[in-house]
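*Asks:* Below: one structure in structure tokens.
The values are calculated or read from the model by the stated rules, or taken from the named source; none is laboratory data. Small disclaimer: the values here were computed from a predicted structure and weren't measured. No Cβ is skipped: glycine too gets one built from the backbone with ideal geometry, and neighbour counts run over all protein chains shown. Surface accessibility is based on the protein's heavy atoms, side chains included, excluding ligands, DNA and RNA. Shrake-Rupley method; radii C 1.70, N 1.55, O 1.52, S 1.80 Å.
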Amino acid sequence: MLILEKKVTVDELMHIEHRVYFDDMIKCVVDVEKKILAVNAEMHAELETYLLEHGSAQRNLYGINIWDDGEIEFDSLINPPRNREAGYPRAGRYVADPAARDKIREVVDLWLI
């Protein structure tokens, strides 16, 4: 697990040192307030815990997957509480709030070339 400290290409992200678990995608958690991106764990919850231990607030964290073609998938087991807070009680794991998806994309764009 790590928090990106410099911009990388999608290809570099897919080939980071000690990459784990998936061949064609990487799990990430975005802190939309601090504008940071934690990457590379088997489960989003591991990245969520890592960020919480490093000062992030739960309400600002969203789990996503980034695929090897650069597509962002807004799907994670950590997302339902944020969906309920935003008024989407039945949205499940997908980030239902369009404004939240926009914030997530903005952070991803800060870190991916």
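*Asks:* Return the only residue of Gly70, Gly87 being closer than 21 Å to Met25 by Cα and small (Gly, Ala, Ser). It would help to see each step written out before you state the result.
*Replies:* Numbers: Gly87 fails: closer than 21 Å to Met25 by Cα.
None of the others qualify; the one that does is Gly70.
*Asks:* Please determine, by comparing only the residues of segment 83-113 that are among the basic types (Lys, Arg) and free of Cβ contacts under 8 Å to residues at least 12 places away in the same chain, which one is most open to solvent (accessible area, probe 1.4 Å).
*Replies:* Arg90
*Asks:* Residues of segment 58-82 being open to solvent by less than 50 Å² (accessible area, probe 1.4 Å), outside any strand (DSSP E or B) and either β-branched (Val, Ile, Thr) or touching a strand residue (DSSP E or B) at 6+ places or on another chain (Cβ under 8 Å) (or both), which ones?
*Replies:* First pass over segment 58-82, keeping only residues open to solvent by less than 50 Å² (accessible area, probe 1.4 Å): 60-66, 70, 72, 74-76, 78-82.
Of the ones still in play, those that are also outside any strand (DSSP E or B) are 60, 70, 74, 76, 78-82.
Correct list: Asn60, Gly70, Phe74, Ser76, Ile78, Asn79, Arg82.
*Asks:* Would you check which residues across segment 22-44 are open to solvent by less than 20 Å² (accessible area, probe 1.4 Å) and assigned to a loop (DSSP other than H, G, I, E, B) and list them?
*Replies:* Taking segment 22-44 first, the residues open to solvent by less than 20 Å² (accessible area, probe 1.4 Å) are 25-26, 28-31, 37-41, 44.
Residues satisfying the conditions are Asn40, Ala41.
*Asks:* Here's another thing I want to ask about it. With respect to the numbered conditions (1) assigned to a loop (DSSP other than H, G, I, E, B); (2) closer than 20 Å to Ile113 by Cα; (3) at pLDDT 90 or above, which one is the sole condition not fulfilled by Arg19?
*Replies:* (3)
*Asks:* So if I check each of Leu2, Leu47, Leu51, which one is among the aliphatic types (A, V, I, L, M) and either loosely packed, with under 15 Cβ neighbours inside 10 Å or modelled with pLDDT under 95 (or both)?
*Replies:* That would be Leu2, the only listed residue that is among the aliphatic types (A, V, I, L, M) and either loosely packed, with under 15 Cβ neighbours inside 10 Å or modelled with pLDDT under 95 (or both).
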